[in-house]
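Read through the structure below, which is laid out as structure tokens, and then see the notes.
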Amino acid sequence: MIIIRNLTHVYAGTRRQKARTALHDLTLEIPERSFCILSGPNGSGKSTLFRILCGLATPTGGSVTVGGHDLFAEPAAVRRLMGVVFQSPAVDKQLSIIENLRLHAELHGLRGAAFQERADEALAWTDIKARLGDRVDTLSGGLARQVELAKCLLTRPTVLLLDEPTTGLDPASRRAFLGALHRLQRERAMTVLMTSHVFSEAEDADSVAIMQDGRLLAHDTPAALKAQLGQEVVVVRPRSPAVMLDALRRDFDRPVLVHGDELRIEDVPPAEAVVLVEQILTRYRGDVLSIAIKQPDLDDVFVHVTGRTGAVPQTTPKDQKPEDFKPEDQEMRA
């Protein structure tokens, strides 16, 4: 349904800033009637790609087809297929729910009985049917997001693009919104592409695409991505990540990744994972805040695929060097 080929986008330089390449020869296909989550760190190119797909920016090179239509040669045909939910609210908060829906419908030539039929259909899944006369600024974040999505559904889109739609929602509202979105996607056979930085939101997706520095690093099902990490992951949260990182690499001769204030050792067989935890605690119990054995999840996939080790928190005393960190230090402190 969405075919992106060799997409490149360069932001022109100015007197103060050099030219910057936001997308590097990106190729990605989203099958018809599938739900894809697009994720990646800040600056990965997600927003630039989203703007291009929405028709808000023209790339430097490459091609995009949506439903068989060239996005740049046939923009009107693509717009007829597409609905968009932006990260920033695109409804008028001073208007009521029904006024927002009617305004959007007018832009698409929907009036009278046709509008009423579409509105009833678009609102059927929501919790706002009894509050159509309420102003949007009186609604909770979750209900306001329902208005955004209902507005898009008025035009019965074949393709739905959503840019981090759960930003600012509490956990309960996030779950409710995502549950409704997945249900609607299946019932209406829509193709959904949604950007998100919350990896738990991708667990129920058909596929996950991970970007970094304008490049596509991975695109597969959640299960296939997690299988890349092998068996189990040992996660250590130490008092001093910078010091513990060198100690673990030195003493256990295993690759160690850093994610925030956690250290992660991947692809550990279950029997070895238990032994490894015991060995780490024997050597460094006083320096470990927590330690766990876990099945790989999509957060682990992100660390593995992007290779992002993050900034190691500098909690080490200035006069202590990594090579000074030894198991017997624990006994001295005791």
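The values are calculated or read from the model by the stated rules, or taken from the named source; none is laboratory data. Since the structure is predicted, the reported quantities are computational estimates derived from the model, not experimental observations. All Cβ positions, glycine included, derive from the backbone under ideal geometry; neighbour counts span all protein chains shown.
Would you mind telling me which numbered condition in (1) within 26 Å of ILE30 (Cβ to Cβ); (2) outside any helix (DSSP H, G or I) ASP127 fails?
In the conditions (1) within 26 Å of ILE30 (Cβ to Cβ); (2) outside any helix (DSSP H, G or I), ASP127 misses (1) alone.
Mind checking which residues of the stretch 213-228 are surrounded by fewer than 19 Cβ atoms within 10 Å (Cβ to Cβ) and closer than 14 Å to SER47 by Cα?
Just the residues of the stretch 213-228 that are surrounded by fewer than 19 Cβ atoms within 10 Å (Cβ to Cβ), to begin with: 213, 215, 217, 219-221, 223-224, 227-228.
Once the filter is applied, which keeps residues that are surrounded by fewer than 19 Cβ atoms within 10 Å (Cβ to Cβ) and closer than 14 Å to SER47 by Cα, the stretch 213-228 yields ASP213, ARG215.
For the stretch 197-298, please list each of the strands (runs of 3 or more DSSP E) lying entirely inside it that holds at least 2 residues being modelled with pLDDT of 90 or more and assigned by TED's automatic domain parsing to the domain that holds LYS46. Working first, answer last.
On the way: elements: 207-212, 215-220, 232-238, 257-259, 262-268, 288-294.
The qualifying strands (runs of 3 or more DSSP E) are 207-212, 215-220.
Any idea which residue in the stretch 209-253 is nearest to PHE50 (Cα to Cα), counting only those that are charged (D, E, K, R) and without any contact (Cβ under 8 Å) to a residue 12 or more places away in the chain? Walk me through how you get there before you give the answer.
The initial filter retains those residues of the stretch 209-253 that are charged (D, E, K, R), namely 213, 215, 220, 226, 232, 237, 239, 246, 249-251, 253.
Now narrow it down to the ones that are without any contact (Cβ under 8 Å) to a residue 12 or more places away in the chain: 249-250, 253.
On the way: ARG249: 40, ARG250: 43, ASP253: 42 Å.
This residue is ARG249.
Have a look at GLU74, GLU29 and point out the one that is modelled with pLDDT of 95 or more, within 19 Å of the chain's Cα centre (by Cα) and acidic (Asp, Glu).
On the way: GLU74 fails: within 19 Å of the chain's Cα centre (by Cα).
Matching residue, one of GLU74, GLU29: GLU29.
Looking only at residues that are under 21 Å from the mean Cα position of the chain (by Cα) and of a type in the set (Asp, Glu) in the stretch 134-185, which one is farthest from VAL84 (Cα to Cα)?
Per the stated criteria, the residue is ASP170.
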